[in-house]
Amino acid sequence: MALVRILIDGYSLLHAWPKLAPGAAPHSAAAREALIERLTRFQDTQGTPMTIFFDGQGAPAGAPKVPSTPRVEVLYSKAGQTADDMIERVTYRLRPYGEVLVVTNDHAERDTVIGLGGHAQSCEAFIGSIDDALGELQADLRLHNLRERGRYQNR
């Protein structure tokens with residue numbers, strides 16, 4: 001089966017990635033915005049839709065004004081629920097449609113997701129995948145620009 005969606009524990013990923021938003025607290029609006037921006041760029045290279053879950057009681061004051069899209073969805077848990085609850089429910093509901101990858105450093109959550117038929121990856125491994133994909137994209141763009149520059153200089 002194909003991977004149908006990547007589900008991300010947003011704050012777990014932010015805690016594992018302090019270099020993403022230097023000087024910003026992991027729960028800050030600036031850190032969330034930096035994460036959403038980087039994940040959107042990564043999604044552009046991969047094509048797999050993703051959902052980023054943040055714990056909270058609805059979107060907090062200062063939450064990014066970036067609207068969710070079908071490609072990169074941003075959700076905040078409501079009072080009485082956690083991001084983990086939401087991730088588990090989505091993992092279970094997407095099972096008939098294909099494989100789901102959950103990104104979190106919560107070992108109990110990873111075990112639960114695997115028990116529900118999903119796949120799980122640590123935040124550090126996922127960050128490595130993002131860095132690799134965006135590095136390749138940057139190299140491809142550089143090469144393309146060099147070729148185009150050469151093509152127009154030879155006219």
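Just so you know, all these numbers are worked out from the coordinates, no wet-lab data involved. Small disclaimer: the values here were computed from a predicted structure and weren't measured. Here the Cβ is made from the backbone with ideal geometry for all residues, glycine too, and neighbour counts use every protein chain on show.
Things worth noting here:
- Label point distance in nm, Glu99-Tyr152, each placed 7 Å from Cα along Cα→Cβ: 4.2
- Approximate spin-label separation Glu124-Gln46, in nm, with each point projected 7 Å along Cα-to-Cβ: 1.9
- Using C-alpha pairs under 8 Å with a sequence gap of at least 6, the mean separation divided by the residue count of the chain gives a relative contact order of 26 percent.
- Over the chain, dividing the summed -39,500 (n - 2.57) contributions of all DSSP H runs of at least 4 residues by the number of residues returns a 222 nm mean residue ellipticity of -16500 deg cm²/dmol.
- Amide H contacts of Arg5 (H built 1.01 Å from N, in plane; Pro and chain starts excluded): Leu101 sit under 5 Å, all sequence-distant by 5 or more or on other chains.
- Estimated distance in nm for a label pair at Asp111 and Thr82, the labels positioned 7 Å out from Cα along Cα-to-Cβ: 1.3
- Cα-only radius of gyration and Dmax that characterise the chain, units Å: 17.5, 66
- For region 111-116, Karplus couplings with θ = phi - 60° (6.51, -1.76, 1.60), whole Hz, Gly/Pro x: 4, 4, 4, 4, x, 7
- Choice from Val100, Val90, Val72 showing the highest fluctuation, given a GNM over the chain with Cα pairs closer than 10 Å: Val90
- Between region 77-92 and region 3-42, the C-alpha centres lie 18 angstrom from each other.
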